[in-house]
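Peer 1: Before I ask anything, let me first share the structure, which is written out below as structure tokens.
The values are calculated or read from the model by the stated rules, or taken from the named source; none is laboratory data. As the structure is a computational prediction, the values presented were derived from the model and not from experiment. As a convention, Cβ positions derive from the backbone with ideal geometry for all residues, glycine included, and neighbour counts pool all protein chains shown. Side chains included, ligands, DNA and RNA excluded: accessible areas come from the protein's heavy atoms. Shrake-Rupley method; radii C 1.70, N 1.55, O 1.52, S 1.80 Å.
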Amino acid sequence: MPSVSPLPSLAPLALPWPPPARSRPIVPVFLPFRGCATRCIFCAQDIQTGRSPQEAGPDGILDKAGAALELRAAHGLPPAELAFYGGTFTALPAAEREACLEFVATALARGRIAGFRCSTRPDCLDESILSRLRQAGCTVVELGVQSFADTALRAARRGYDGATALRACALVRASGLRLGVQLLPGMPGVSPEVFLADVARALDAGADMLRFYPCLVLAGTGLARLWRAGDYAPWDMESTLDSLAQGWLLARAAHRPVIRMGLAPEASLAGAILAGPAHPALGARVMGRALLTAVRSLAAREAGGRLAERLEAPRACQGYFWGHAKELRPAWAELGLGPGNVRYAEDDALRLWLRP
Ligand code: SF4
């Protein structure tokens, strides 16, 4: 029988795979466009969240959130984390923001939540508001940075530059809050190279977590008009999957999770997507690519052209290992791996054995 040389562990994949699950369930409170001074060209928060701005007065929304929290408690579920999404929380009119923070105070006092997070723009922050948020029980501020590249920010008419985005990251970190950075691969001006540089910059800026939202052309947006005029083309699916896989691996190497890839599949979203790399299993497809990319680069570096004898992967990979509709099978076969020599183990390590 030929000898088999085991690689003890894949160095770039020494952490648990996939990242640990989020510890606390999130109850979202969508405030579409609230606090937004402009409509960004790619954004359709009403469609993305399934809530129209007209019905988005904070009172009704907070009532619904309160009912959801009470229902959780009635079912004996543990305190959740509240999340204010869909607008620019730090730029809400003061009375609305305070209404939200009073709601938070009550929910905290009743033990219904353990804290809250919010999303906002990088140019709508200062020390005093961050201090107020922290004192009110905020734990995470998610910044809709989209890109740190000045050219891309100009092309997307975001209204701030990369230096402002970096300053905002530093402000959040300095305030003692955890930092989330949302990136928009495929936004006008964002190539795969720009996106990977954005991931690296976000990690350097101290992001505790990332979100990747590949840019889609949604009905009723400025981007839809550019797309119809032939002035914008979204990324294709292959570029998107490969780029997000590389971005995911960069985040993994820095021990930071990517907590979302792709927009949540709201019923109202499907009919509004005019173009762009949308797929209901986008995150799983990216994870499959990331795994393949990591093993492939390890094999190229360590194997000297030898094929794999067998591979052990954590059971958690089982759902996406071969890709959506087994799309990754041919690529795994090029490495010498197929259903006959891949097995799943209960621990978190990937192990690759090479043919002599
Ligand atoms: S991207 Fe953010 S700031 Fe721009 S319109 Fe949408 S929610 Fe408002």
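Peer 1: Across region 15-49, which residue is nearest to the ligand (Cβ to nearest atom) among those that are at pLDDT below 85 and closer than 25 Å to Leu226 by Cβ?
Peer 2: Among them, the one singled out is Gln45.
Peer 1: Can you pull out every residue in region 63-76 that is over 16 Å from Ile26 (Cβ atoms) and open to solvent by 80 Å² or more (accessible area, probe 1.4 Å)?
Peer 2: Within region 63-76, Asp63, Ala74, His75 meet the criteria.
Peer 1: Now for a different question. Could you please find all residues in region 147-171 being open to solvent by less than 10 Å² (accessible area, probe 1.4 Å) and not aliphatic (A, V, I, L, M)?
Peer 2: Once the filter is applied, which keeps residues that are open to solvent by less than 10 Å² (accessible area, probe 1.4 Å) and not aliphatic (A, V, I, L, M), region 147-171 yields Ser147, Phe148, Gly162, Cys169.
Peer 1: Somewhere in region 327-338, is a residue surrounded by 13 or more Cβ atoms within 10 Å (Cβ to Cβ) and in contact with a Lys or Arg (Cβ under 6 Å, 6 or more places away or on another chain)?
Peer 2: Within region 327-338, not a single residue is surrounded by 13 or more Cβ atoms within 10 Å (Cβ to Cβ) and in contact with a Lys or Arg (Cβ under 6 Å, 6 or more places away or on another chain).
Peer 1: Just to be sure, is Ala114 more than 27 Å from Ala202 (Cα to Cα) and open to solvent by 40 Å² or more (accessible area, probe 1.4 Å)?
Peer 2: Considered against the rule, which asks whether it is more than 27 Å from Ala202 (Cα to Cα) and open to solvent by 40 Å² or more (accessible area, probe 1.4 Å), Ala114 comes out as no.
Peer 1: Within region 174-183, identify whether any single residue is over 17 Å from the mean Cα position of the chain (by Cα), in the same structural domain as Pro257 (by TED's automatic domain parsing) and open to solvent by less than 30 Å² (accessible area, probe 1.4 Å), and answer yes or no. So that I can check it myself, show each step before the final result.
Peer 2: Looking only at region 174-183, we keep the residues that are over 17 Å from the mean Cα position of the chain (by Cα), and these are 174-177.
Now narrow it down to the ones that are in the same structural domain as Pro257 (by TED's automatic domain parsing): 174-177.
When the remaining residues are screened for being open to solvent by less than 30 Å² (accessible area, probe 1.4 Å), the result is 175, 177.
Within region 174-183, one or more residues are over 17 Å from the mean Cα position of the chain (by Cα), in the same structural domain as Pro257 (by TED's automatic domain parsing) and open to solvent by less than 30 Å² (accessible area, probe 1.4 Å).
Peer 1: Here's another thing I want to ask about it. If only one of Gly144, Gly137, Gly86, Gly60 is without any contact (Cβ under 8 Å) to a residue 12 or more places away in the chain, assigned by TED's automatic domain parsing to the domain that holds Ser268 and open to solvent by less than 60 Å² (accessible area, probe 1.4 Å), which one is it? Give the derivation first.
Peer 2: Values: Gly144 fails: without any contact (Cβ under 8 Å) to a residue 12 or more places away in the chain; Gly137 fails: without any contact (Cβ under 8 Å) to a residue 12 or more places away in the chain; Gly86 fails: without any contact (Cβ under 8 Å) to a residue 12 or more places away in the chain.
Just one listed residue meets the conditions, Gly60.
Peer 1: Working only within region 296-315, note down all residues that are surrounded by fewer than 18 Cβ atoms within 10 Å (Cβ to Cβ) and closer than 17 Å to Ala245 by Cα.
Peer 2: Selection gives Arg296, Ser297.
Peer 1: Could you go through region 190-198 and let me know if any residue there is surrounded by 18 or more Cβ atoms within 10 Å (Cβ to Cβ) and over 16 Å from Ala251 (Cα atoms).
Peer 2: Scanning region 190-198 turns up at least one residue that is surrounded by 18 or more Cβ atoms within 10 Å (Cβ to Cβ) and over 16 Å from Ala251 (Cα atoms).
Peer 1: Report the residue count in region 134-146 for those that are under 15 Å from Ala168 (Cα atoms) and away from the ligand (no atom under 12 Å from the Cβ).
Peer 2: Number satisfying all stated conditions: 2.
For every residue, the table says whether it meets (1) over 30 Å from Tyr85 (Cα atoms); (2) not assigned by TED's automatic domain parsing to the domain that holds Leu183.
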| position | (1), (2) |
| --- | --- |
| Gly247 | no, no |
| Ser268 | no, no |
| Leu298 | yes, yes |
| Arg301 | yes, yes |
| Arg315 | yes, yes |
| Tyr320 | no, yes |
| Trp332 | yes, yes |
| Gly336 | yes, yes |
